Amino acid sequence: MKRLAIFLATAAILPASLPAQAQEELAKKHACFACHAVDKKLVGPAYKDVAAKYRGDSGAEAKLVDKVKKGSQGTWGQVPMPPNSSVPDADVRALVKWILSQK
Ligand code: HEC
């Protein structure tokens, strides 16, 4: 019985945490964390602040995918984000979805 409870608890946690972890790995792999952190401003805005800014904006995902690929300037300050043109589209989309899901 105890074992079943542990199994159920693990099964309940895993589906939620695994993809997020994978996306965090993507952010590491593509060096997004050189300028960003989830909950504090570094060179670029905290991903939590990005999520808060675009909450309720249904076009945000497409817009941000485009900006991550081509670079961005003037939205958060004068420091520009250089284009991340070497990051595959699927990875950019996964990253933007993950960023927008931060609370
Ligand atoms: C060299 C530093 C740097 C790197 C590397 C970097 N960023 Fe940024 N990022 C910034 C800065 C600076 C801004 C703010 C740009 C602005 O004000 O328009 C920003 C803004 C953003 C935004 C918000 C754009 C907006 O219009 O609100 C997102 C989303 C983002 N970055 C995602 C990423 C992802 C994903 C990666 C990795 C593939 C990444 N960044 C890599 C510096 C960086």
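At a glance:
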item	result
J(HN,Hα) series, the stretch 93-99, from Karplus relation 6.51 cos²θ - 1.76 cosθ + 1.60, nearest Hz, glycine and proline x	4, 4, 5, 5, 4, 5, 4
Rounded if a/c under 1.5, otherwise prolate or oblate - the stretch 22-100, Cα gyration tensor axes	rounded
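None of the figures in this text is laboratory data; all of them are computed from the coordinates on show. Model, not experiment: these values are computed from the prediction.
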